[in-house]
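Q: Below you will find the structure I want to go over with you.
Throughout, read-outs are computed from the coordinates displayed, never taken from laboratory work. Note that the coordinates shown come from a computational prediction; the quantities given were computed from them, not determined experimentally. Because the Cβ atoms are built from the backbone with ideal geometry, glycine has one as well, and the counts that use them run over all protein chains shown.
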Amino acid sequence: MEMSSIFLIGLIVVALAFEFINGFHDTANVVATPIATRALSPYQAIIIAAIFNFIGAYFSTGVAKTITSGLFDAHFVTHLLLASALIAAIGWNLITWWLGIPSSSSHALIGALIGGVITSNGGISAIKWSGIGQKVILPMLLSPLIAFFVSLTIMVIVTLLLGKSKSPRKTNNFVRELQVLSASLLAFSHGSNDAQKTMAVITLALFSFGLVNTADVIPHWVIIVCAIAMACGTLAGGMKIIKTLSSRLAKLKPTNGFSAELSSGALILAASHFGLPVSTTQAASGSIMGAGYMNSGINWIVVRSMVTAWFLTLPITALLSAGVYEVLLQVSHL
């Protein structure tokens, strides 16, 4: 087997490793609320999340196409650049997972790709800055705010509808049953958005090796292997971040959990439809804060650490990717 074929296979394996890590790193976004409200046990929630993550990966490929052609010139993408971006994104995901900080896997990968493109022969001119602004920065700023207010609105409506109930226990049990549906929607939307980032990377790898004619069409087998990798990663869990979102960020009751899941699931699904690579972490966190606001149960210290990680992710992963690229470039010349 030629060295180029071996490198391509290795690159695909690393990409699927990123997708696996993305699965357990972002599992918390999907399962934190039903676990916090005791609608589902941790293992029940993770299994449901894995199933609907897998199904959601087939929803569309709009986000993948945005990354392959909407953020930078794909002709400047090389196998070394992709390897650097994946290593940087994986490293940042593992660091934030170890610290229990819910950061964005999506922005980690996008930042790493941008850093790699700039450091390689592409330079700053290869970046489509209008696409970065409209499809990455603007959604990054707006999605947690929109999720907050949509979740708060749903929470107010649900409270008004159920507020006159004479049996709080029956009401909570009823809402917990609804949470199975809303958590499934959130898991489906997560798969529809996050799985596509790795699809884009593998397609870019195939394009850089000349195995596909365009980076705009995602091969069917790429969709399948990415869906499987994310589902397997989800089954592996991610209990550190699950604990942060389920118990440390806000005090949640069944109505809070249902409102958070419904708002973030709908928001992410809409973003997937329009090809916007939004952060599931930010949407879910914003929704949890909006749902918990009525209970005055938001832990602002946790919010501050999360927001700090959100704003640091893009520049740090870009710098990490640039550094890794330089190292790999030197090694390749030995």
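Q: Where the Cα atoms of the stretch 124-213 are projected onto their three principal axes, how long is each span, largest first, in whole Å?
A: Each principal axis gives a Cα extent; for the stretch 124-213 these are 66, 27, 14 Å.
Q: Taking H placed 1.01 Å from N in the peptide plane, check which residues at least 5 places from Phe72 or on another chain put their amide H under 5 Å from its amide H.
A: Lys128
Q: Quick check: convex hull of the Cα atoms in the stretch 1-66, volume per residue, rounded to a whole Å³? Write down the numbers at each step before the final one.
A: Values: hull volume 7.7 nm³, N = 66.
Measuring per residue, one finds 117 Å³ for the Cα hull of the stretch 1-66.
Q: Sort out for me the Cα centre separation of the stretch 193-216 from the stretch 253-321, rounded to whole Å.
A: Result: 27 Å between the Cα centres.
Q: Further question: For the stretch 167-227, state the semi-axes of the equivalent ellipsoid (square roots of 5 times the eigenvalues of the alpha-carbon gyration tensor), sorted largest first and rounded to whole angstrom. Present the calculation step by step, with values, prior to reporting the outcome.
A: Numbers: eigenvalues 348, 11, 8 Å².
Semi-axis lengths for the stretch 167-227 are 42, 7, 7 Å.
Q: Nearest 20 debye, what's the magnitude of the dipole of the chain about its Cα centre given +1 on Lys and Arg Cβ and -1 on Asp and Glu Cβ?
A: 1480 debye
Q: Can you give the relative contact order of the chain as a percent, counting alpha carbon pairs under 8 Å and 6+ residues apart? Intermediate values should be presented prior to the final figure.
A: Working: 631 pairs, mean separation 128.9, N = 334.
Averaging sequence separation for qualifying contacts and normalising by length gives 39 percent for the chain.
Q: Also, quick follow-up: I'd like to know which of Gly123, Ile154, Asn172 lies farthest towards the positive end of the charge dipole of the stretch 109-217, counting +1 on Cβ of Lys and Arg and -1 on Cβ of Asp and Glu.
A: About the Cα centre, the residue reaching furthest to the positive side is Asn172.
Q: Shifting gears a bit: Using the 2.2 N^0.38 Å rule of thumb for compact globular proteins, work out how the stretch 33-97 stacks up: its C-alpha Rg over that value, please. Could the numbers behind the result be given before it?
A: Values: Rg = 17.2 Å, N = 65, 2.2 N^0.38 = 10.7 Å.
For the stretch 33-97, the normalised Cα radius of gyration comes out at 1.60.
Q: From the Cα trace of the chain, what convex hull volume per residue do you get, rounded to a whole Å³? Could the numbers behind the result be given before it?
A: Numbers: hull volume 36.9 nm³, N = 334.
Looking at the chain, the number lands at 110 Å³ per residue.
Q: Count the net charge of all other residues whose Cβ sits under 11 Å from the Cβ of Val30, scoring Lys and Arg as +1 and Asp and Glu as -1. Don't skip to the end; give the middle numbers.
A: Values: positive: none; negative: Asp26, Asp194, Glu261.
With Lys, Arg at +1 and Asp, Glu at -1, the net is -3.
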